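As structure tokens, the structure follows; a few thoughts come after it.
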Amino acid sequence: MRILVFQHLAVEHTGVLGDFWRQAGHEEHVVELGEGETIPALEDFDLLTVMGGPMDVWQEDAHPWLVPEKAAIRRWVRDMGRPYLGICLGHQLLADALGGEVSLMKASEVGLAPVALTEAGRADPALAGVPPELETFQWHSAEVSKLPAGCEVLAANAACPTQAIRCGKWAYGFQYHMEITGSTVSDWEQIPEYKASLNEALGPEKAARLSTDVEAQLRGFHRTARLLSDNLLSLIASARPTASEKA
């Protein structure tokens, strides 16, 4: 499969998900939107994956590339009906592009946090095998505050009721990060906006321990990422037309 990846920051990449995809022989085409790279023609790709970033969905004046990015997401999901995976900002962009709303939270959610699957989430094929309650890694100050039409919540917690959503048949958004690697915390701490929200949310003492705390949970995060990747790619493969159907 050919996977188109929109990145907004070099350190917010597909992480362990990308490792799984490359190991399986799939091809990633990464577009660094924050670096001014242009969006290619969408037709030749099987999956659109949109990653996180320190900007917010409404900051179009500061980040004008958000406008064509949202248009591409809208066309991909609504007009082309192809599979989408959004993480953190990518999750929020999905909701915004389809007519939902994203707002600042009362308090940032940073660090480890439990999340529970909803009834819809427990029944969703992309989440097959995922425990009904799981520990997650969070780093966000905004949330999807109003769902677009045709979307439903798949996971939630008290801090953020829209931890995972599905829009239509194929488009998934996850507020939490399951793609992280052993260097994620140290990499993200170098971003001033992230460092500020980390210290504000956890305080200096807990913030200093975050990398160690995450390391203890990394195997579980990777197990969740593997399940999601395998389930999603299986769904995509099963929906692809066969040679006889193409003919």
Evaluate the charge dipole of segment 14-116 about its Cα centre and quote only its size in Debye, nearest 20, assuming +1 on the Cβ of each Lys and Arg and -1 on the Cβ of each Asp and Glu. 360 debye
Percent accessible area from carbon and sulfur atoms, segment 75-225, protein chains only, probe 1.4 Å: 50 percent
Candidate values (i) 50, 40, 32; (ii) 63, 41, 34; (iii) 54, 42, 33, label of the one derived for Cα extents along the principal axes in Å: (ii)
Environment charge at Leu17 (Cβ cut-off 13 Å; Lys +1, Arg +1, Asp -1, Glu -1): -2
Taking a probe of 1.4 Å and leaving out DNA, RNA and ligands, the chain shows per residue an accessible area in Å² of 44 Å²
For Tyr172, what charge total do you get from the other residues with a beta carbon under 9 Å from its beta carbon, if Lys and Arg give +1 and Asp and Glu give -1? 0
Among the Cys residues of the chain, which have no other cysteine Cβ under 4.7 angstrom away? Cys88, Cys160
Using a 1.4 Å probe and ignoring any ligands, DNA or RNA, find the accessible area of Phe137 and quote it in Å² to the nearest 10. 0 Å²
Report Rg (one decimal) and Dmax (nearest whole number) for segment 1-76, counting Cα atoms only, units Å. 12.5, 39
Mind scanning Lys146/Lys195; Lys146/Lys206; Lys146/Lys169; Lys106/Lys169; Lys70/Lys106 and naming the pairs with a C-alpha gap bigger than 23 Å? Lys146/Lys195; Lys146/Lys206; Lys106/Lys169; Lys70/Lys106
Net charge over other residues, Cβ less than 9 angstrom from the Cβ of Phe45 (K, R count +1; D, E count -1): -1
From the Cα trace of segment 1-132, what convex hull volume per residue do you get, rounded to a whole Å³? 142 Å³
Can you give the accessible area of Tyr172 in Å² (nearest 10), computed on protein heavy atoms with a 1.4 Å probe? 0 Å²
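The values are calculated or read from the model by the stated rules, or taken from the named source; none is laboratory data. Quick caveat, the model's predicted, so the values are computed rather than measured. Positions of Cβ are generated from backbone atoms using ideal geometry, with glycine treated the same way; all protein chains shown enter the neighbour counts. Calculation scope for accessible area: heavy atoms of the full protein, side chains included, ligands and nucleic acids excluded. Shrake-Rupley method; radii C 1.70, N 1.55, O 1.52, S 1.80 Å.
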